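Written out below as structure tokens is the structure these notes cover.
The values are calculated or read from the model by the stated rules, or taken from the named source; none is laboratory data. This is a predicted model, so every value here is computed, not measured. Quick reminder, even Gly has a Cβ in these numbers, built from the backbone with ideal geometry, and neighbours come from all protein chains shown.
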Amino acid sequence: MSFPSLRLRRLRRKESLRKLFEEVKLHPSNLIYPLFVDERIEEKEEIVSMPGQFRLSLKSLVKEVNDCKKLGINSFLFFGIPKLKDEHGSEAYNPKGIIQRAIEVLRKEFGEDINIITDVCLCEYTSHGHCGLIKDGYLDNDSSLELLKKIAITHAQAGADMVAPSAMLDGQVKALREALDDNNFHDTLIMGYSAKHASCFYSPFRDAALSAPKFGDRKSYQMSYKNKREALREIELDIREGADVIMVKPALAYLDIIHLTKNKFNLPLAAFNVSGEYSMIKAASKLGWLDEKEAIIEILTSIKRAGADMIITYFAKDLAEMVLKDEL
Ligand code: PBG
Ligand code: ZN
């Protein structure tokens, strides 16, 4: 059968039919909302390069999470901004550090109703801004792993559900699984930042978290975006090392990698819709060049359509509000 008896526009004639045939549906239960907790402040502060996102104080954190819960968002990824930074990033594995205290407060307040996921890295805590220990100007892999283990254990002790190593060190998932198991945290999940690329789209985040490297760049540990077979290899290794969830990051310029990963592996797959991807939409819509709501829906739908089971996104609240108002 072909035209004129075959007409695909039949499926699109009216809104109720279009809704019936939708292949991809967004829902706040699959979104993970990144939050920054800042040890230096008492009140929340808007992040200049990420309008609508805030550095939260311990005090303002509970209200923020409560507001999100009302919108149907139950999963959060936490980043810490410490008062003090040093060469070894000691505040990252201080049991009384900002993230550890934030986890305790939230667990007490919300019990098991929320999923607490923590970023495990050193760049926000080191004076040089790199994701581990520097030896002779180079990020030292194996000694840095020892510090990532300490971070993960303090997060698990405080009550984290899932730890997410983001340093792109070799062996980081294996190191964390062993450390967690040795300390009886058999049920703490690991989400690997498996294919994390060296990307320009992290700049607003680095502003927000004051984590830009003081010298050089991250290209000796984060992946080149020119290599997709290598991305699949990184993912395969994380799976072998015991990751429960794998991730592709960033998301938008990486939909091909998300798609390939989804077809090849059976683990839950997260995509990180990163800060730069957020800020460029915010900036363009502020200038009146884009309809913000439509852009958000289109972008998040494309990430899910490519194969992401979960999306880590700063748009989580915007989307959840639209879902509540039935604007999708
Ligand atoms: C820390 C980390 C970064 C992001 C997540 N974890 C920044 C970086 O690697 O420099 C980026 C997140 C975003 O841009 O939203 N390693
Ligand atoms: Zn880092």
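Looking only at region 211-227, how many residues end up being in contact (Cβ under 8 Å) with a residue 24 or more places away in the chain and surrounded by fewer than 16 Cβ atoms within 10 Å (Cβ to Cβ)?
The initial filter retains those residues of region 211-227 that are in contact (Cβ under 8 Å) with a residue 24 or more places away in the chain, namely 211-216, 218, 220-225.
Now restrict to residues that are surrounded by fewer than 16 Cβ atoms within 10 Å (Cβ to Cβ): 212, 214-216, 220, 224.
Total meeting the criteria: 6.
Filter region 152-167 down to the residues that are of a type in the set (A, V, I, L, M, F, W, C) and either within 14 Å of residue 142 (Cβ to Cβ) or away from ligand 1 (no atom under 16 Å from the Cβ) (or both) and list them by number. Spell out how you get there, then give the answer.
Going through region 152-167, the residues of a type in the set (A, V, I, L, M, F, W, C) turn out to be 152-153, 156, 158, 160, 162-164, 167.
Answer for region 152-167, where residues must be of a type in the set (A, V, I, L, M, F, W, C) and either within 14 Å of residue 142 (Cβ to Cβ) or away from ligand 1 (no atom under 16 Å from the Cβ) (or both): 153, 156, 158, 167.
Look at residue 175 and say whether it is within 15 Å of ligand 1 (Cβ to nearest atom) and of a type in the set (A, V, I, L, M, F, W, C). Break it down stepwise before answering.
Numbers: within 15 Å of ligand 1 (Cβ to nearest atom): no; of a type in the set (A, V, I, L, M, F, W, C): yes.
Taking the combined requirement at face value, the residue does not satisfy it.
In this structure, is residue 69 assigned to a helix (DSSP H, G or I), charged (D, E, K, R) and either more than 30 Å from residue 306 (Cα to Cα) or within 14 Å of ligand 1 (Cβ to nearest atom) (or both)?
On the way: assigned to a helix (DSSP H, G or I): yes; charged (D, E, K, R): yes; either more than 30 Å from residue 306 (Cα to Cα) or within 14 Å of ligand 1 (Cβ to nearest atom) (or both): no.
No.
For a quick check of your reading of the model, give me the residue pairs whose first member lies in region 263-292 and is closer than 19 Å to residue 248 by Cβ and in contact (Cβ under 8 Å) with a residue 60 or more places away in the chain, whose second is of a type in the set (A, V, I, L, M) and within 16 Å of ligand 2 (Cβ to nearest atom), with beta-carbon atoms closer than 8 Å and at least 6 apart or on different chains.
270/191; 270/247; 270/312; 272/247; 272/312; 275/208
Could you say which residue among 196, 214 is charged (D, E, K, R), within 15 Å of ligand 1 (Cβ to nearest atom) and under 23 Å from residue 268 (Cβ atoms)? Don't jump to the end; show me each part of the working.
On the way: 214 fails: under 23 Å from residue 268 (Cβ atoms).
Among 196, 214, only 196 is charged (D, E, K, R), within 15 Å of ligand 1 (Cβ to nearest atom) and under 23 Å from residue 268 (Cβ atoms).
Give 237, 255, 300 a once-over and let me know the one that is farther than 26 Å from residue 175 by Cβ, out of contact with any Phe, Trp or Tyr (no Cβ under 8 Å at 6 or more places or on another chain) and either assigned to a loop (DSSP other than H, G, I, E, B) or at pLDDT 95 or above (or both).
Values: 237 fails: farther than 26 Å from residue 175 by Cβ; 300 fails: out of contact with any Phe, Trp or Tyr (no Cβ under 8 Å at 6 or more places or on another chain).
Of 237, 255, 300, the one residue that is farther than 26 Å from residue 175 by Cβ, out of contact with any Phe, Trp or Tyr (no Cβ under 8 Å at 6 or more places or on another chain) and either assigned to a loop (DSSP other than H, G, I, E, B) or at pLDDT 95 or above (or both) is 255.
What's the total number of residues in region 140-174 that are within 15 Å of ligand 2 (Cβ to nearest atom), within 20 Å of the chain's Cα centre (by Cα) and among the small types (Gly, Ala, Ser)?
Here the count works out to 4.
Suppose we filter 37, 24, 48 for residues that are hydrophobic (A, V, I, L, M, F, W, C), surrounded by fewer than 17 Cβ atoms within 10 Å (Cβ to Cβ) and within 16 Å of ligand 1 (Cβ to nearest atom); which single one remains? Give the steps one after another, and end with the answer.
Values: 37 fails: surrounded by fewer than 17 Cβ atoms within 10 Å (Cβ to Cβ); 24 fails: within 16 Å of ligand 1 (Cβ to nearest atom).
Of the residues listed, the single one that is hydrophobic (A, V, I, L, M, F, W, C), surrounded by fewer than 17 Cβ atoms within 10 Å (Cβ to Cβ) and within 16 Å of ligand 1 (Cβ to nearest atom) is 48.
Do you know which residues across region 107-122 are surrounded by fewer than 24 Cβ atoms within 10 Å (Cβ to Cβ), in contact with a helix residue (DSSP H, G or I) (Cβ under 8 Å, 6 or more places away or on another chain) and more than 20 Å from residue 270 (Cα to Cα)?
107, 109, 110, 113
Scanning region 126-139 for residues that are surrounded by fewer than 18 Cβ atoms within 10 Å (Cβ to Cβ) and of a type in the set (Ser, Thr, Tyr), which turns out nearest to ligand 2 (Cβ to nearest atom)?
Per the criteria, the residue is 127.
Please specify each residue of region 258-275 satisfying the condition of being small (Gly, Ala, Ser) and either in a loop (DSSP other than H, G, I, E, B) or within 16 Å of ligand 2 (Cβ to nearest atom) (or both). Give the steps one after another, and end with the answer.
First pass over region 258-275, keeping only residues small (Gly, Ala, Ser): 270-271, 275.
Within region 258-275, just 275 meets the criteria.
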